[in-house]
Amino acid sequence: MLGAMRLALLAILGCNLALATAQAAEPDPARQRELTRLVRQDCGSCHGMALTGGLGLPLTAEALHDKPIEGLEATVHGGRPGTAMPPWKSILNDSEIQWIVQKLMTGFPRE
């Protein structure tokens with residue numbers, strides 16, 4: 001009986017931790033607007049203002065659908081040495097990078 005109670009408690013704690021992590025990863029609405037503007041302006045300067053490609057590859061949901069999320073996050077975080085893609089780790093935290101990549105994968109919002 002005590003073992004079952006421990007398992008139930010661990011399951012509840014695990015669900016609460018997962019929920020708190022998911023909620024913590026979402027930037028607040030004001031920051032989301034800032035991030036959207038940053039992607040449209042800064043990323044758009046190479047990837048096209050509509051993110052359909054330019055100097056850089058397209059960043060549309062269609063172009064990214066088969067790309068691994070972890071690889072896209074790593075590219076935003078550390079850039080691509082030897083290319084025009086800079087690292088963004090100095091101005092974006094991990095949850096912001098995850099939010100941006102998730103939005104790119106599903107169709108980036110308009111400003």
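The values are calculated or read from the model by the stated rules, or taken from the named source; none is laboratory data. None of these values were measured; they are calculated from a predicted model. Here the Cβ is made from the backbone with ideal geometry for all residues, glycine too, and neighbour counts use every protein chain on show.
For the structure I just gave you, tell me whether MET49 is aliphatic (A, V, I, L, M) and surrounded by 14 or more Cβ atoms within 10 Å (Cβ to Cβ). Quick ask: steps written out before the conclusion?
Working: aliphatic (A, V, I, L, M): yes; surrounded by 14 or more Cβ atoms within 10 Å (Cβ to Cβ): no.
Taking the combined requirement at face value, the residue does not satisfy it.
Just give me the residues in the range 21-38 being surrounded by fewer than 16 Cβ atoms within 10 Å (Cβ to Cβ) and under 22 Å from MET85 (Cα atoms), in sequence order.
Of everything in the range 21-38, those that are surrounded by fewer than 16 Cβ atoms within 10 Å (Cβ to Cβ) and under 22 Å from MET85 (Cα atoms) turn out to be GLU34, ARG37.
Conditions tested, residue by residue: (1) in contact with a strand residue (DSSP E or B) (Cβ under 9 Å, 6 or more places away or on another chain); (2) in contact (Cβ under 8 Å) with a residue 24 or more places away in the chain; (3) in a helix (DSSP H, G or I).
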site	(1), (2), (3)
ALA63	no, no, yes
LEU72	no, yes, yes
THR75	no, no, yes
PRO81	no, no, no
ALA84	no, yes, no
TRP88	no, no, no
SER95	no, yes, yes
GLN98	no, yes, yes
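May I ask you to verify whether ARG110 is at pLDDT below 95 and among the charged types (D, E, K, R)?
Details: at pLDDT below 95: yes; among the charged types (D, E, K, R): yes.
Answer is yes for this residue.
Would you confirm, using the coordinates I've provided, whether GLN41 is surrounded by fewer than 13 Cβ atoms within 10 Å (Cβ to Cβ), modelled with pLDDT of 90 or more and among the polar types (S, T, N, Q)? Full working, then the answer.
Numbers: surrounded by fewer than 13 Cβ atoms within 10 Å (Cβ to Cβ): yes; modelled with pLDDT of 90 or more: yes; among the polar types (S, T, N, Q): yes.
Yes: the conditions hold for GLN41.
From (1) at pLDDT 95 or above; (2) farther than 17 Å from ARG33 by Cα, pick out the condition that doesn't hold for LEU55.
Going through (1) at pLDDT 95 or above; (2) farther than 17 Å from ARG33 by Cα one by one, LEU55 breaks only (1).
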